Amino acid sequence: MDIEALKQTAQAMVASGKGILAMDESHPTCAKRFEKLGIPTTEEKRQEYRDMLLTGEGIENYIAAAILFDETIRQKMLSGISFTEHLHNLGIIPGIKVDAGAKPLAGFPGETVTEGLDGLRDRLSEYYELGARFAKWRAVYTISDKTPSDAANMANAHALARYAALCQEANIVPIVEPEVLINGDHTIEQSFIATQSAQKLVFNQLREQGVALEGIVLKPSMVTSGLDAAEKAGVEEVAKRTIECLLSTVPAEVPGIAFLSGGQTDEEASAHLSAMNSLGKELPWNVTFSYGRALQQAAMSAWNGNPDNVEAARKVAVHRARMNGLASLGQYTPDLEQQAA
């Protein structure tokens with residue numbers, strides 16, 4: 001394990017004013033989004049779409065790293081070079097989703113544990129050869145009167161830690177993603193408790209498994225009210241509670257926090273991130289984004305599978321990246337949205 005290389009990569013992934021583009025959707029997830037827009041769900045269309053996302057002028061000014069899916073890391077851009085080579089040429093760090101998805105946790109109805117540890121060492125070695133310098137593993141937690149259970153918290157924390165240790169052994173930076181789902185009618189206080197509990201246990205397990213915290217990136221949920229909550233917390237409350245949660249759980253050695261958007265609208269995700277970076281607190285880590293839909297959906301709709309729309313869609317993708325780059329500096333305001341293509 002080259003700890004200095006891991007530290008440098010992790011720090012570069014959360015560089016000031018930049019974030020991470022999550023474009024690692026599985027085939028079923030990508031198909032659902034394409035089908036809603038009437039786009040054919042073929043490998044060729046996925047290639048065209050992801051090529052569009054990475055070819056907008058100036059995208060590298062706001063995106064430090066991009067998470068790829070297994071298909072994409074093996075594909076070529078429309079120009080003929082590989083996706084990873086294209087990213088390297090832009091100074092964007094290529095990464096790879098390596099988990100096998102959340103599966104039902106035996107004995108705990110409604111809860112899941114993420115699988116994919118079997119054979120991971122060999123897969124990481126191959127992905128490194130293909131150009132990946134970081135990886136991502138997502139654990140999922142659901143808030144209800146009975147969940148998350150202690151068993152689900154422990155099972156997922158242990159899996160995340162084992163994954164992270166294997167990544168660092170392969171000189172790959174692990175993105176550690178304990179996602180507390182926004183689905184439900186829970187209060188922001190319930191979200192705080194669930195998120196704090198999950199993150200504390202994750203870091204306990206990371207230490208137990210000998211993971212070098214200076215060589216990871218945390219990808220957590222924001223502390224928000226549930227989508228169906230009777231009363232929704234405002235932007236400032238979300239920012240304050242999320243930072244409070246981070247300060248109580250995340251060691252200072254961690255280089256950066258790259259939030260998932262988790263069902264928020266594009267504007268909500270940008271506003272919440274900007275508010276966190278405007279609180280005036282001295283934070284030990286850079287606080288930025290690792291968004292999927294909140295970076296992609298508007299561009300996908302603008303593209304709509306039509307080659308004639310590529311240039312317009314590229315401008316939308318760059319605009320959303322720029323909005324979140326500004327948010328990571330605490331400089332986003334809603335009136336900036338008028339600058340969209």
Residues in segment 110-126 that are out of contact with any Gly (no Cβ under 9 Å at 6 or more places or on another chain) and either touching a residue at least 24 places away in the same chain (Cβ under 8 Å) or closer than 16 Å to Ile172 by Cα (or both): how many? 11
Quick check on this structure: which one of Lys136, Lys146 is in contact with a Lys or Arg (Cβ under 9 Å, 6 or more places away or on another chain), of a type in the set (D, E, K, R) and either free of Cβ contacts under 8 Å to residues at least 40 places away in the same chain or not in a loop (DSSP other than H, G, I, E, B) (or both)? Lys136
Restricted to segment 136-182 and to residues being acidic (Asp, Glu) and surrounded by fewer than 24 Cβ atoms within 10 Å (Cβ to Cβ), the residue nearest to Ala258 (Cα to Cα) is Glu179
Report, by residue number, each residue of segment 183-195 that is assigned to a helix (DSSP H, G or I) and crowded, with 18+ Cβ neighbours inside 10 Å. Ile188, Gln190, Ser191, Phe192, Ala194, Thr195
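The rows are residues; the columns are (1) assigned to a loop (DSSP other than H, G, I, E, B); (2) out of contact with any Gly (no Cβ under 9 Å at 6 or more places or on another chain); (3) more than 23 Å from Val173 (Cβ to Cβ).
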| site | (1), (2), (3) |
| --- | --- |
| Gly263 | yes, yes, yes |
| Ala271 | no, yes, yes |
| Leu295 | no, no, no |
| Val310 | no, yes, yes |
| Ala321 | no, no, no |
| Gly325 | no, no, no |
| Leu336 | no, yes, yes |
Is there a residue being surrounded by 23 or more Cβ atoms within 10 Å (Cβ to Cβ), out of contact with any helix residue (DSSP H, G or I) (no Cβ under 8 Å at 6 or more places or on another chain) and either under 30 Å from Thr187 (Cα atoms) or of a type in the set (Ser, Thr, Tyr) (or both) anywhere in segment 290-307? yes
Going through segment 1-25 in order, the residues found to be among the small types (Gly, Ala, Ser) and touching a helix residue (DSSP H, G or I) at 6+ places or on another chain (Cβ under 9 Å) are Ala5, Ala10, Gly17, Gly19, Ala22
Working only within segment 85-109, note down all residues that are touching a helix residue (DSSP H, G or I) at 6+ places or on another chain (Cβ under 6 Å) and either free of Cβ contacts under 8 Å to residues at least 24 places away in the same chain or outside any strand (DSSP E or B) (or both). Leu90, Gly91, Ile92, Leu105, Phe108
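A short reminder: the numbers here are calculations on the coordinates, not readings from a lab. All figures in this text were calculated on a predicted structure; none of them were measured in a lab. Positions of Cβ are backbone-derived with ideal geometry, glycine not excepted, and every protein chain shown enters the neighbour counts.
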